[in-house]
Each structure stands twice: as C-alpha cells, then as structure tokens.
Ligand code: HEC
C-alpha cells in the first residue's frame, strides 16, 4: 500500500473518529438504560475489543521483525494489519459506546476508558497516515499507541472486574517495590468506615444501618446501583444515596415499609419484571428482608445504634477456619523420619494442612508393632490423630501408652489381644470419635465407661463377648 493510495482511506477513518467523538460528547453514558437492540449489540463490545488489542501488538511485532534481514517479508504485511487494527478499533469504540450508553454505565472509569478508546482509534489512523512517509514519526506514534492501548485496556479491566482486580493478590514485597497500596479489606459489618455513631462520651456503638442494612445493599444491589452502574438512576452505596432515591423519586418512606419502593421491589415475586435484584441475581434472604423492613419501620435512621434495635434476625455466625487438630508436624519431620525407619511404621499427614495431624499406619510392620514400639512413638504422640493398629502385637500394656495419645480421634484395635483391663484406660481419650474393638477379648466391663463418652460416635464390638453390643452400636450411631 503506497502512501497516496492509503490517504483517502485515512481520510475516511479520520472522519469516522471525529464523528464518534462528537457522538460520545453529545451523548455520554449517563447511567440510564435504553433500547434493547443497542444493548444487544453493545454486549459484543467485550468480544470485539480483543481484536484491536491483538492486532496492534502484531503490528509492533511485525515492525520489529523488519530489523532483521530475514524478517523483511514479515514487515511488509504490517501496513495491512495496521489498517485492520484501525478498523476494528473504530468498531470496538462504537460498540463500547452503545454498551455504556444503553447498559446503565456512568462514572470516572467509563469516561476514561471511553476516551482512551477514541484516542486509540485516532492514534491508529495517524499511524496509518504517516507510516509510508515519515519513519521516525511513525515509530514514535506506534510506541505511544501501544502504551495508550495498555492503559485503555487496564481501565476496561477495572470496569468489569473492579479496581483492585489485577493487584489484589500481588505479593506484599512486590507491592512495596512498585508502590501499590495494600488491598482494600472486603466490606465487613463492623468496619469503622461505614459509620460508627458516638453514643455517649468515650463510648462508640455500631449503627444498625452500617452494620446490618448497608451490607445487604453492598452484597446484592451495588453491582447495579453503585458508582460504576447506576441503573434506574439509583445508587445504594451510601446512606445519602439510598435516601436520595432513583429516577422515580425516593425509595424509602421512613416509618412505612410497605409504602417504600425499595421494600416493594425486594418483596415482589421473583418472576415479576419489577422485582429486585434484576436479571435473576440472588435476592435478599428472608432475614435480610426482615432487616430492611425493620430499619424502615424504625424511621430509616442513619444513627440508630444496632444494639437499640429489638427483634432483628441474628447475624449469621462469621465463618471461622476450623481450629487445628494438632500442632504443625513439620518441625518434627526429622524425628518422624527416624521413627518410621526404626519401627517400620508409617506416619502420614492426614491432609495438606500441616496442623491436621498424622495417621499411624502399621500394615507393613504388624509383627513389629508391639507395646515397646508405642512407647517409642511417645515423642510424636500428640501429632497422631488416627492410629491403625489392627492385627498388631499391641496388648493391654500398650493401651496404657496409647491412653496418653491425647489427640486421637480414631483408633483401630481390632484383631489384637487386648482385653477390658486395657480398654478401660482409653476412657481418658476425650477426643476419640471412632473405636474399633472387633474380635478382641473385650467384654461389658471394658466398654461400660466408654458408653458415656459424648464424643464417641462409632464403637465397633463385633465378635466380642459384649452383650450390650447391638444396643451400644445403634445408640452411638444415632448421634
Ligand atoms: C442486575 C442488576 C440489578 C441489581 C443487582 C439490582 N437492581 Fe435495582 N434496578 C435495576 C434496573 C435495570 C433498574 C431500572 C429498571 C426498573 O426500574 O425496573 C432498577 C431499579 C431499581 C429501583 C427503582 C428505582 C427508581 O427510582 O425507579 C429500585 C428501588 C431498585 N432497583 C432497588 C434494588 C435493590 C434494593 C437491589 C438489591 C436488593 C437491586 N435493586 C439490585 C437493576 C438491578
């Protein structure tokens, strides 16, 4: 393509960019929703937008290939790819404008992203225009275009995934080097930012709105009614915005839940077209609806303290990680290794979590596993949560040692020579949940004490002299 041939094309491109810029200026995204067809087309923007991104990078790669003697033929196609990049960029901008304009977008990020796109299209047309005539200007322009594209894509990414998406899981060290601020804490009901009202001198109290109502709006509504999207001209991200209302006026009438639009919308049948959240997004739970009702009934106050509200559904208990079963076994790895080779037993981690304890496996060394072996295991006893001692040489003497393995949850002593004398000692094991005494010398006197252990869920007494066998087993298994 010679410069003279490409100039008319560039003229058309320039005309289109100016036209687009005028449209975008005249009709910026305003948070309103319109036209189904334009929304339908607009939603192709995220798909089409990848074309200019890939093509611009390809142009840069082809031009770089031209620096090498055997890459010249590649460079020859750069001009064609550049034209394609400009055309697809124009398409992406137009579709993006449709999406923003019709899909209820507004705000700083959309505006930046949009003008980034318009500038990018313009820059690409400039590149087309100067490529043949001015190599230096072209090189600079192309470099600037690639940078502009990276920035524009980043704005778009933030728009769809949220501002901290790329950096949320950045390692703290890298964060410090790059000067990226620490990630924002996820919204928690007690966070002071959402509003703590002073109740009396020196005392602070969490408000009902901040701790109970705002989290519901944040979870279920703000993705459509917030700073990025403002469907129905309504924002639910702050108290002031909630009270300001939307395109049809106020949505909260203090003291009158059933007369409040917000309450009506969330209590409509889910298939009603006015029901909120829209688009079948997960709606508020019954408890959450109750909270909003109560808040409006009590005057829709911003400052009412949470503790002054009676009858609110209890907060779901916070999710806590399950407590560690034992200490971390890793510091004892050497000892564990030594015991394994000495005794022929295996001490295997119960899970990937190093505080979930070890399982004692003896299948490979049943003959060698006797009372003396258990004594040798004592240094790591507190790490063992599961001991598989079936068919080993363990006797009542060994049970005395076992009764000090205080973290045992599961113990299999089936087919061993133990009797009630030893088993009685096991009632000291407070965490025991499963005990297998199948085919041992145990009788009723041995299990009498075990019967009262609350934690014990499964007790196997097949092939023993126990007469309470069936009763105990069913009774225990019911729990
Ligand atoms: C998936 C997007 C989406 C979600 C999530 C969503 N809304 Fe909406 N909302 C809309 C749209 C679109 C409109 C405008 C159309 C209409 O009025 O039905 C709207 C309108 C409203 C209006 C009417 C505003 C006015 O003045 O006309 C209220 C009230 C409302 N939403 C409340 C809520 C509440 C409360 C939640 C959370 C429980 C919620 N919305 C979640 C999309 C959503």
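Some notes on this structure:
- Cα centroid of region 47-61 to Cα centroid of region 413-456, whole Å: 71 Å
- C-alpha long axis of helix 286-297 to longest principal axis of the chain, angle in °: 60 degrees
- Region 201-336: C-alpha gyration tensor shape, a/c 1.5 cut-off, then a/b vs b/c: prolate
- Residue ranges 433-441, 328-336 sort as 433-441, 328-336 when ordered by packing (mean number of other C-beta atoms within 10 Å per residue, highest first).
- Rounded to whole Å, sorted largest first: equivalent-ellipsoid semi-axes of region 3-161, Cα gyration tensor: 30, 16, 13
- Neighbour-count order for 247, 400, fewest beta carbons within 10 angstrom listed first: 247, 400
- Förster radius 60 Å - calculated FRET efficiency between residue 290 and residue 177, Cβ distance, rounded to 0.05: 0.80
- Here residue 68 and residue 279 are evaluated by their C-beta separation; at R0 = 60 Å the FRET efficiency comes out at 0.70.
- Dividing the mean sequence gap of close Cα pairs (under 8 Å, 6+ apart) by how many residues region 319-360 holds gives a relative contact order of 44 percent.
- Order of 136, 230, 376 under a 10 Å beta carbon neighbour criterion, fewest first: 136, 376, 230
- If the chain linking residue 455 and residue 43 were pulled fully straight, counting 0.36 nm for each residue of separation and taking away their Cα-Cα distance, it would gain 142.7 nm.
- Beta bridges by DSSP in the chain, antiparallel share as percent, to the nearest 5: 50 percent
- Helix 78-102 axis, angle to the chain major axis (alpha carbon atoms, nearest 10°): 80 degrees
- Note on region 330-478: Kirkwood hydrodynamic radius from all Cα pairs is 15.4 Å, rounded to one decimal.
- For region 330-478, the relative contact order is 15 percent, taking Cα pairs closer than 8 Å that sit 6 or more residues apart in sequence and dividing their mean separation by the residue count.
- Relative contact order, percent, the chain [alpha-carbon distance under 8 Å, six or more residues apart]: 8 percent
- Region 359-412 and region 113-165: distance between their alpha carbon centers, rounded to Å: 69 Å
- Distance-filtered residues of region 326-340 - backbone nitrogen under 16 Å, label point 7 angstrom along residue 348 Cα→Cβ: 337, 340
- Taking the number of Cβ atoms within 10 Å of each Cβ as an exposure proxy, the fewest-first ranking of 221, 10 is 10, 221.
- With N counted as the residues of the chain, its alpha-carbon radius of gyration over 2.2 N^0.38 Å works out to 1.53.
- Estimated inter-spin distance, residue 330 and residue 378, nm [label 7 Å along Cα→Cβ]: 3.0 nm
- Label-point gap, in nm, between residue 219 and residue 417 - each point 7 angstrom along Cα→Cβ: 6.0 nm
- Cα point-scatterer Debye curve for region 293-386, base-10 log of I(q)/I(0) at q = 0.11, 0.13, 0.23 Å⁻¹: -0.49, -0.55, -1.13
The numbers here are math on the coordinates, done by the rules we state, and not lab data. All values reported here derive from a predicted model rather than from experimental measurement. No Cβ is skipped: glycine too gets one built from the backbone with ideal geometry, and neighbour counts run over all protein chains shown.
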